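The values are calculated or read from the model by the stated rules, or taken from the named source; none is laboratory data. The structure presented is a predicted model; accordingly, all values stated were derived computationally and were not measured. A quick note on method: Cβ atoms are made from the backbone with ideal geometry, for glycine too, and the neighbour counts reach across all protein chains shown. We work out accessible area using only protein heavy atoms, side chains counted, and drop any ligands, DNA or RNA first. Shrake-Rupley method; radii C 1.70, N 1.55, O 1.52, S 1.80 Å.
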Amino acid sequence: MRVAVAKYPIGMPASFDEFAQRQAACLRQARELGARVAVLPEYLSLELAASFSPEVRGDLNASLAELQAWRGAWCELYGWLARELDMYLVPGTFLLDVGGGRYRNRADWFAPDGVHGWQDKLQLTGYEKQSGVIEPGDALYGFDCDGHRVGITVCYDVEFPLPVRAQYEAGVRLLLVPSCTDTAAGATRVKVGCLARALENRFFVAQAVTAGEAPWSPALDVNTGEATLYAPMDHGFPADGILAVTRDDALWACHDLDVGALELNRIHSQVDNDRDWSHQLVAALRPWPDDSKAMPMQCETASA
């Protein structure tokens, strides 16, 4: 199963049609690279705000309200591209109005057979909390992909091990991570989260990122990171856990992912984080015994 993740430069489309033409061109390029699955970055829908007036696009709340008019066209576009290109698509995220002036950061899943699913972001960043209008999701889902189970984790969510573990235990062996970060520290946090989840669950992680600058947007003004495909750092996989990564101006990083190789790795593994998961729940923190005989010995330091 060949998977492609995008390092997507934020543009400034003047209309939905212009946006749609670029999406089609980008995803056709992924298909030409042999991809069966393609992931675009978090907040992709906010690129459409470039077509709004300067007053609206410069205001997150106003942009989100106006963006809702494109929800139907958004779903039609990616549903059609999934069927046309015979691909599974995660087109980043769409900030969806769920009523009461509240929005969820929703990652859609479009399959070539017409199936449409989604995964809402569960954990909110400081920026999202400060917006006062974005709320967290409340459920985890998994999706069928050519006989394999795939899950989606949106950006900050990958830094939390327990929800991802639940996806693993539900059969997920490929985790798709649309992300958007605006600092080097943010990009590092998501990268470390992806590496950690790949290690402890012995599965593949595919991260897409935003790129470039969009000073007209309060959410997409600065963008950092590289699109990357990760594997567990163990026998049969790269020592650094990185299967493929974008460089310079490359739009896509692609790699063939073999779920069967995960099972082979499990047989010849150096460590068993996935199978040893429950062992970490055994030890309990206890106060040190009030007994001088039980105190640890002091180590003597050799004098120079």
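Details
- Remark: spin-label model distance S15-E159 equals 4.1 nm, labels positioned 7 Å along the Cα→Cβ axis.
- Nearest-ten-degree value, helix 71-85 long axis tilted from longest Cα axis of the chain: 80 degrees
- For the range 113-181, share of DSSP beta bridges that run antiparallel, in % to the nearest 5: 50 percent
- Heavy-atom surface analysis with a 1.4 Å probe gives the chain a carbon and sulfur content of 53 percent of its accessible area.
- Surface analysis of the range 170-270 yields an accessible area of 39 Å² per residue, using protein heavy atoms and a 1.4 Å probe.
- Of G101, G126, G117, the one that fluctuates the most in a GNM where the chain has Cα springs shorter than 10 Å: G126
- Calculated mean residue ellipticity at 222 nm for the chain: -8500 deg cm²/dmol, from DSSP H runs with n ≥ 4 weighted as -39500 (n - 2.57), summed, divided by the residue count and rounded to 500.
- Normalised per residue, the volume of the convex hull around the Cα set of the range 1-103 (Å³): 96 Å³
- Gaussian network model of the chain, springs between alpha carbon atoms under 10 Å - residue of R149, R275, R104 with greatest fluctuation: R275
- Take every DSSP beta bridge whose two residues both sit in the chain; close to 60 percent of them are antiparallel.
- Of the listed residues L251, L64, the order by accessible area with a 1.4 Å probe, largest first, is L251, L64.
- Between the residues S15, L95, A69, the greatest Cα displacement towards the positive end of the dipole of the chain, with unit charges on the Cβ of Lys, Arg, Asp and Glu, is found for L95.
- Of G260, G193, G151, the one that fluctuates the most in a GNM where the chain has Cα springs shorter than 10 Å: G260
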